[in-house]
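Single-structure report; data block below.
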Amino acid sequence: MSSDAVSPLNPTPRAANASAPVGIFDSGLGGLSVLRAVRAVLPHERLIYVADSLHAPYGEKDDDFIVDRTVAICGWLAAQGAKALVVACNTATAQSIARARELHAIPLVGVEPGVKPATAISKSRVIGVLATQVTLRSARFQTLLDRYAADCRFLCQPGHGLVQAVERCDTSSPHLMALLESYLAPMLDAGADTLVLGCTHYPFLDRAIRDIAGERLQIVDTSVAIARQLDRLLDSGGLKNDAPPDTLPRFCSTADGESQRQLVASLLQLDAPVEHVVIPSRRTTVPEPDIA
């Protein structure tokens with residue numbers, strides 16, 4: 001494994017050509033659900049994925065920390081030559097997307113809970129939202145509710161413990177199933193017929209949700225919509241790659257990367273190495289090594 005470090009204050013270089021990679025990042029493994037969709041919609045694109053697993057989950061961090069890490073990782077990906085960035089984390093998008101766009105001139109796509117599509121498909125007009133506490137209390141999410149929830153009742157549930165479970169590659173243990181059922185049962189009892197997955201980690205729990213709710217809940221996952229938005233941005237900027245990539249996606253982690261390697265193998269059927277990368281920031285400065 002190799003290590004890299006760049007200053008988050010480095011200026012964003014403009015990608016020279018369409019063969020440059022797309023950078024995707026999440027606090028941990030959840031963004032792999034977005035990467036899966038991007039590979040399906042844009043199979044010719046080269047991809048760099050960063051999991052900030054050393055500092056996951058973001059949903060339990062303060063707002064300044066989340067902005068600090070988002071800015072640093074976007075800067076690192078831009079320094080790797082990324083022509084576009086996908087912030088594949090609802091929490092990071094909710095708190096940091098505006099600042100990231102101020103600092104980086106290249107196309108940048110964020111994610112947000114699928115409130116709008118949920119209102120279009122719900123018949124009972126009772127909709128469950130499973131998301132991190134930070135996402136649920138963000139101004140960005142509250143604006144979504146105000147815009148689309150006029151005739152709907154939204155039951156918003158913080159998914160405490162779910163991100164940590166996915167990071168451990170736990171999607172079906174008895175403890176995980178009991179925790180998930182405690183979140184879903186009140187929604188079902190209240191008549192919810194639609195569930196918004198407001199965190200990119202949660203699509204990995206799709207089967208567990210089905211085991212609990214059966215077909216009583218329609219699940220809204222926005223990863224495909226994110227990939228299509230990236231497609232539109234690259235196309236409008238003349239940045240789509242026409243030739244198939246000559247390498248697998250480049251997977252990077254600020255932790256040891258073993259859980260990411262396991263999930264990449266099981267989810268994407270790829271046996272790919274995971275690089276360890278060091279991405280310092282104002283709140284997580286890497287200490288100088290001792291000199292003998």
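All of the numbers you see were taken from the coordinates with simple rules; none came from a lab. Computed from a predicted structure; not experimentally measured. As a convention, Cβ positions derive from the backbone with ideal geometry for all residues, glycine included, and neighbour counts pool all protein chains shown.
In degrees between 0 and 90, to the nearest 10, how far off the longest principal axis of the chain does helix 139-148 point, with axes built from Cα atoms? The angle comes out at about 40 degrees.
Taking the convex hull of the alpha carbon positions in segment 140-280 and averaging its projected area over all directions gives 12.0 nm². Based on C-alpha pairs under 8 angstrom that are at least 6 apart in sequence, the chain has a relative contact order of 28 percent. Given their separation in residues at 0.36 nm each and the Cα-Cα distance between them, Arg147 and Gln269 gain 40.0 nm when the chain is fully extended.
The modelled label-to-label distance for the pair Asp242/Ala178, using points 7 Å beyond Cα in the direction of Cβ, is 5.9 nm. Distance from the Cα centroid of segment 106-121 to that of segment 194-230 is 12 Å (rounded to whole angstrom). Taking the Cα centre of the chain as reference, the dipole from Cβ charges on Lys and Arg (+1) and Asp and Glu (-1) amounts to some 840 debye. Summing Cβ point charges (Lys, Arg +1; Asp, Glu -1) relative to the Cα centre of segment 199-292 gives a dipole of roughly 400 debye.
Length gained on full extension, Arg282 to Gln262: 4.1 nm, using 0.36 nm per residue less the C-alpha separation. Using the beta-carbon distance between His44 and Arg210 and R0 = 30 Å, what value does 1/(1 + (r/R0)^6) give for FRET efficiency, to the nearest 0.05? The formula returns an efficiency of 0.40 here. Can you give the FRET efficiency to the nearest 0.05 for Asp64 and Ala120, using r as the Cβ-Cβ distance and R₀ = 25 Å? Computed FRET efficiency for Asp64 and Ala120: 0.10.
Scanning residues 5 or more positions from Arg250 or on other chains, those with amide H under 5 Å from its amide H are Leu47, Ile48, Tyr49, with H placed 1.01 Å from N in the peptide plane.
The mean sequence distance of close C-alpha pairs (under 8 Å, at least 6 residues apart), as a share of the length of segment 115-221, puts its relative contact order at 37 percent.
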